Amino acid sequence: MTDRALAANSVGLDWARDGMRLGGVAGLPTFHRGIADHQYLFVNGRPVRDRLLSGAVRGAYAEMLARDRHAVVALFLDVDPDLVDVNVHPAKTEVRFRDPAAARGLIVGGLRRALDEAGFRAVQRPAGDAMAAWTTEPTTAAPSESAPLAEPAVSPGFAFHDRRPTFFAPPPLARAEVATEPPPASTQFPLGAARGQVARTYIVAEAEDGLVLVDQHAAHERLVLERMRAAMASGGVARQALLIPEVVELDEVACDALEDRAGELAEFGLELERFGPRAMLVRATPAMLGQGDVIGLVTDLADEIRAHDAALSLSERIDHVAATMACHGSVRAGRVLSVAEMNALLREMEVTPHSGQCNHGRPTWIKLAHGDIEKLFGRK
């Protein structure tokens, strides 16, 4: 990994608290690796490998990375020498803090603050094999008007038909919808103005400096998750009562898991009751999810709780619940969006922290710069 790549896909840190100071750079959540070999930690200028510090880094990125991915960071922690013991290990690669909670809090708080300030940024590093797929078809020289067209081979018993090319006028420019107002200028917004949709999954937008492609499901999933977190911080998620409660049939173990977490799920706007040994009764769902698939939501939540509850902390469990609900409340791939809906999604992404990556750490948007487009067409 080059210093240039890290600089282009990272944010700077400079934060002090409780007599300690944290500096360095932190990679964007979409700039991650399969192993933690690009995490460089220094205490008072000395490189260390400390579980407390590594755990703090993982905690700061916990809600933005898949569990099998690792952040890229270079952190420099300056601490009063009297507050840290560097003689824990003969090689002096481990340290012990007098106040471990303060050190962890500084790193988690500093990293999250820096990542929040990154806003909607995402890694802009198209994979080489993906760029190689943008190739032009092989072309052959067009025959001149004076050169006779070669006649195809004719099988015995078949008459030859004149196959000289016929030239047609180009069709009129088609529009997907009637424009009710002038489209916004591409220079007004960082993520540009929506121009269309590809495969009912990707939004195509024109920005001042290139072409932007947005994964509509991944982007909206992150937006819904951030709305849920904001609602939880302000007192809970609004709920909508079902006119007719929904009965969801599950195995007994899954029902037990959901029943144990019923109080916690109620804070997210999901009201569940036990309905016999192998069923749950759903009385209300989070209002921001709309009219979704209630059975699918409850089934997925049961699977998540059973798979991860024992290994996760309370905050991580809450994040898993919120992420699962956000997935069910987001715009699905395959849904046709109007230009107004696409632009509304782009505008919300621009003002929402962490909207540059989905709930699993993948980028929600990429940009093809004007220079890259010119190279694809042999203009540069």
Step through the residues of the stretch 364-377 one at a time and calculate ³J(HN,Hα) from phi using the Karplus curve (6.51 cos²θ - 1.76 cosθ + 1.60, θ = phi - 60°), rounding each to whole Hz and writing x for Gly and Pro.
8, 8, 9, 10, 9, 5, 4, x, 5, 5, 5, 5, 4, 9
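By per-residue mean of other Cβ atoms within 10 Å, what is the highest-first order of 288-300, 320-332? Let's see the in-between values first.
Details: 288-300: 16.1, 320-332: 20.9.
Per-residue Cβ counts within 10 Å, averaged per peptide and sorted highest first, yield 320-332, 288-300.
Ignoring ligands, DNA and RNA, how do Phe97, Phe120, Phe275, Phe377 rank by accessible area with a 1.4 Å probe, largest first? Show your work: numbers first, answer last.
Numbers: Phe97 15, Phe120 40, Phe275 110, Phe377 155 Å².
Result of the area sort, largest leading: Phe377, Phe275, Phe120, Phe97.
Send over a whole-number figure in Å² for the accessible area per residue of the stretch 223-380, probe 1.4 Å. Walk me through the numbers before you get to the answer.
Details: 7740 Å² over 158 residues.
So the stretch 223-380 comes to 49 Å² accessible per residue, rounded to a whole number.
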Using the Kirkwood radius over Cα pairs, work out the Stokes-Einstein diffusion coefficient for the stretch 186-284 at 10 °C and 1.306 mPa s, in µm²/s as a whole number.
95
For the stretch 1-89 the mean separation of alpha carbon contacts under 8 Å (6+ apart) over residue count, i.e. relative contact order in percent, is 36
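In what sequence, largest accessible area first, do Glu348, Glu267, Glu341, Glu117 appear using a 1.4 Å probe?
Values: Glu348 50, Glu267 100, Glu341 75, Glu117 135 Å².
Descending order: Glu117, Glu267, Glu341, Glu348.
Apply the a/c threshold of 1.5 to the C-alpha gyration tensor of the stretch 231-311 and tell me whether it is rounded, prolate or oblate.
Details: a/c = 1.86, a/b = 1.22, b/c = 1.52.
Because a/c hits 1.5 or more and a/b fails to exceed b/c, the stretch 231-311 counts as oblate.
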Calc'd 3J(HN,Hα), the stretch 8-23, phi into Karplus 6.51 cos²θ - 1.76 cosθ + 1.60 (θ = phi - 60°), Hz, glycine/Pro = x, comes to 6, 10, 9, 10, x, 10, 7, 9, 10, 6, 6, x, 10, 10, 10, x
Lys, Arg +1 and Asp, Glu -1 on Cβ, resulting dipole of the stretch 28-95 about Cα centre, debye, nearest 20
340
Once the Cα gyration tensor of the stretch 1-75 is diagonalised, semi-axes √(5λ) in Å
19, 15, 12
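Per residue, what volume in Å³ does the convex hull of the Cα atoms of the stretch 23-111 enclose? Numbers along the way, then the final one.
Values: hull volume 7.9 nm³, N = 89.
Output value, Cα hull per residue: 88 Å³.
Assuming 0.36 nm per residue, please report the length gained on full extension of the stretch Leu376 to Glu208 beyond their Cα-Cα distance. Don't jump to the answer; show the numbers that get you there.
Details: separation 168, 0.36 × 168 = 60.48 nm, distance 1.85 nm.
Taking 0.36 nm per residue and subtracting the Cα distance, the gain is 58.6 nm.
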Which of Met232, Leu211, Gly276, positive extreme of dipole for the stretch 193-311 (C-beta unit charges)
Leu211
Under the rule rounded for a/c under 1.5, else prolate if a/b exceeds b/c, else oblate, using alpha carbon gyration tensor axes a ≥ b ≥ c, the stretch 266-380 is classed as prolate
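How do Ser234, Ser338 stack up against each other in accessible area, from largest to smallest, with a 1.4 angstrom probe?
Working: Ser234 95, Ser338 40 Å².
Result, largest first: Ser234, Ser338.
The values are calculated or read from the model by the stated rules, or taken from the named source; none is laboratory data. What you see is a predicted model, and the numbers here were worked out from it, not measured in a lab. FYI the Cβ positions are ideal-geometry reconstructions off the backbone, even for glycines, and counts take in every protein chain you see. SASA here: full protein model, heavy atoms, side chains in, ligands and nucleic acids out. Shrake-Rupley method; radii C 1.70, N 1.55, O 1.52, S 1.80 Å.
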